[in-house]
Amino acid sequence: MMVRVKVWERSLGEPRPVGDLITEIEDNGRLRSAFQYDSEFLRRKEKYALDPVSLPLQGEAISTVHPGFFGVFEDSLPDDWGRNLLIRKQKIARRDQHLPGLLLALGSSGLGALSYSAEGCLPESDPEVSSLHLSELVEAAARFERGEPLDSVITLLLSAGSSPGGARPKAVVVDDETGLHYIAKFPSVKDQVDVVRIEEATLQLARQAGLLVPETRLLSCSGKMVLLVRRFDVIPEGRRHMISFQTLLKATGYYQHRYYDLLLLVRKYSRDPQVDSERLFRQMVFNALVGNTDDHLKNFMMIHDHQQGWRLSPAFDLIPDIGQRREHVLFFDLDAHYPGRRELERLGRQWGIGCAGEVVDEVVQSLREWRNGFAEVGVSEQDAQRFAEIDFRLDGVE
């Protein structure tokens with residue numbers, strides 16, 4: 001079976017055709033794909049490579065057999081929770097729940113600058129959801145997770161469009177009063193701790209530690225807290241294009257990568273590699289000290305717009321080690337465990353970060369009052385105690 005998808009981009013507002021994606025789906029489900037840029041797009045002054053590693057700007061078609069699909073397009077799709085919503089909302093038959101089929105269903109509702117349509121069709125306009133519906137969406141999210149039958153409240157949740165990635169309930173929303181776009185993160189019926197408040201507190205700590213993070217705010221909806229995270233892909237001119245480091249590193253399945261691998265890409269593609277290298281180092285130090293072990297490659301992005309070119313995205317999805325796994329997804333050097341402050345400083349010097357010691361000291365000092373920061377957001381003392389190892393790391397216990 002052959003599926004053809006027209007790819008569009010919205011970096012300047014109105015969708016412009018970028019190229020054609022063709023995917024062959026074998027009977028066993030394996031994929032083989034090819035992509036070709038539109039000649040008109042290649043002639044534009046504002047042209048850019050959708051993936052500077054795997055899809056360089058060229059007139060000839062580019063094929064991929066392994067893994068069979070281009071990661072930059074899969075980056076548009078939500079994971080887990082969002083895909084389930086997308087499938088149920090669009091009533092996608094099982095035979096069409098393949099990657100190109102999901103892109104066609106996604107249309108213009110994904111994050112980033114890319115949109116998708118069938119051949120000969122324009123992409124549909126963005127489906128947006130008013131934050132006035134947040135209270136209903138919180139309850140709908142809980143019902144959906146419990147597997148309860150569809151009713152009018154669930155229908156309201158589905159009308160939010162596809163969620164951005166991740167296994168937790170989320171929705172893309174817009175504030176009618178301000179016109180600002182957010183990702184709304186909801187509590188899960190499976191939560192054993194107050195994840196929403198904990199994430200808000202961690203993002204505030206990251207901001208104090210000098211990390212560039214999106215604006216956030218907490219809302220109470222039906223007695224439950226919802227975290228609104230400002231979208232950094234939406235700008236007045238249009239949309240920023242986004243690509244994950246998982247795509248840039250061509251990482252599939254179980255992978256073993258170091259923070260250093262991300263650094264090499266930042267140095268190669270960033271418009272300001274010195275600033276972005278220091279930002280990446282600061283984020284690595286923060287993740288190590290706060291215990292953010294969920295530092296997988298999908299949680300790191302490069303973003304592109306016509307003013308700044310390629311830059312490291314703001315930090316997002318920052319949260320301490322709720323699952324008590326202690327082992328990071330990314331390796332610091334040869335180990336996935338907390339390396340200690342001296343080793344972090346050594347890695348910084350090895351990276352060429354001239355102020356590595358100062359960065360580590362700044363992050364340590366900003367985290368000294370982390371318990372007070374958690375309490376100010378409303379995190380219970382019992383939940384905060386779950387992360388007591390932060391104190392040991394701050395005090396130099398390695």
| remark: For residue 82, the lone unmet condition from (1) at pLDDT 95 or above; (2) buried (at least 18 other Cβ atoms within 10 Å of the Cβ) is (1)
| Single condition residue 231 does not satisfy, out of (1) touching a residue at least 60 places away in the same chain (Cβ under 8 Å); (2) over 30 Å from residue 12 (Cβ atoms); (3) charged (D, E, K, R) | (2)
| So, in the stretch 236-247, of the ones that are within 26 Å of residue 263 (Cα to Cα) and assigned to a strand (DSSP E or B), which residue ends up farthest from the chain's Cα centre (by Cα)? | 239
| task | Of the numbered conditions (1) in contact with a Ser or Thr (Cβ under 7 Å, 6 or more places away or on another chain); (2) of a type in the set (A, V, I, L, M, F, W, C); (3) within 24 Å of residue 251 (Cβ to Cβ), residue 35 fails exactly one; give the number of that condition. | result | (1)
| Which of (1) of a type outside the set (Lys, Arg); (2) over 26 Å from residue 141 (Cα atoms); (3) surrounded by fewer than 19 Cβ atoms within 10 Å (Cβ to Cβ); (4) modelled with pLDDT under 95 is the odd one out, the single condition residue 208 does not satisfy? | (4)
| Are there any pairs, at least 6 apart or on different chains, whose C-beta atoms fall under 6 Å, with the first in the stretch 90-101 and crowded, with 19+ Cβ neighbours inside 10 Å and the second part of a loop (DSSP other than H, G, I, E, B), and if so, which? | 99/69
| message | With the requirement that a residue be of a type outside the set (A, V, I, L, M), in contact (Cβ under 8 Å) with a residue 12 or more places away in the chain and not in a loop (DSSP other than H, G, I, E, B), what does the stretch 248-267 give you? | response | 258, 259, 260, 261
| So, in the stretch 266-288, of the ones that are buried (at least 21 other Cβ atoms within 10 Å of the Cβ) and aliphatic (A, V, I, L, M), which residue ends up nearest to residue 249 (Cα to Cα)? | 266
| request: Under 6 Å between Cβ atoms, at least 6 apart or on separate chains: pull out the pairs that start in the stretch 344-365 with a residue that is buried (at least 16 other Cβ atoms within 10 Å of the Cβ) and end on any residue that is charged (D, E, K, R). | output: 353/278; 356/345; 356/349; 357/345; 359/282; 360/341; 360/345
| query | Considering the stretch 47-65 alone, what residues qualify as being without any contact (Cβ under 8 Å) to a residue 40 or more places away in the chain and under 18 Å from residue 32 (Cα atoms)? | reply | 55, 60, 61, 62, 63, 64, 65
| Taking the condition of a type in the set (Lys, Arg), outside any loop (DSSP other than H, G, I, E, B) and free of Cβ contacts under 8 Å to residues at least 12 places away in the same chain, does residue 197 pass? | no
| Given the conditions (1) among the hydrophobic types (A, V, I, L, M, F, W, C); (2) in contact with a His (Cβ under 6 Å, 6 or more places away or on another chain); (3) more than 28 Å from residue 192 (Cα to Cα), and given that residue 329 satisfies all but one, which numbered condition is not satisfied? | (3)
| message | Among the residues in the stretch 61-72, are any within 20 Å of residue 12 (Cβ to Cβ) and not assigned by TED's automatic domain parsing to the domain that holds residue 266? | response | yes
| query | Of the residues that sit in the stretch 1-12 and are of a type outside the set (Lys, Arg) and assigned to a strand (DSSP E or B), which one is farthest from residue 75 (Cα to Cα)? | reply | 2
| task | Kindly provide the set of residues from the stretch 305-338 that are closer than 16 Å to residue 242 by Cβ, within 14 Å of the chain's Cα centre (by Cα) and not in a strand (DSSP E or B), ordered by number. | result | 313, 314, 315, 316, 317
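Here is a yes/no grid of residues against (1) within 26 Å of residue 385 (Cβ to Cβ); (2) surrounded by fewer than 19 Cβ atoms within 10 Å (Cβ to Cβ); (3) outside the structural domain of residue 383 (by TED's automatic domain parsing):
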{"residue": "187", "(1), (2), (3)": "yes, no, yes"}
{"residue": "192", "(1), (2), (3)": "yes, yes, yes"}
{"residue": "198", "(1), (2), (3)": "yes, no, yes"}
{"residue": "212", "(1), (2), (3)": "no, yes, yes"}
{"residue": "216", "(1), (2), (3)": "yes, yes, yes"}
| Which numbered condition trips up residue 302, out of (1) surrounded by fewer than 22 Cβ atoms within 10 Å (Cβ to Cβ); (2) within 22 Å of the chain's Cα centre (by Cα)? | (1)
| One residue from 140, 184, 171, 160 being modelled with pLDDT under 70, within 22 Å of residue 105 (Cβ to Cβ) and not acidic (Asp, Glu) | 160
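The values are calculated or read from the model by the stated rules, or taken from the named source; none is laboratory data. Since the structure is predicted, the reported quantities are computational estimates derived from the model, not experimental observations. Ideal geometry is used to build each Cβ from the backbone, glycine not excepted, and the neighbour counts take in all protein chains shown.
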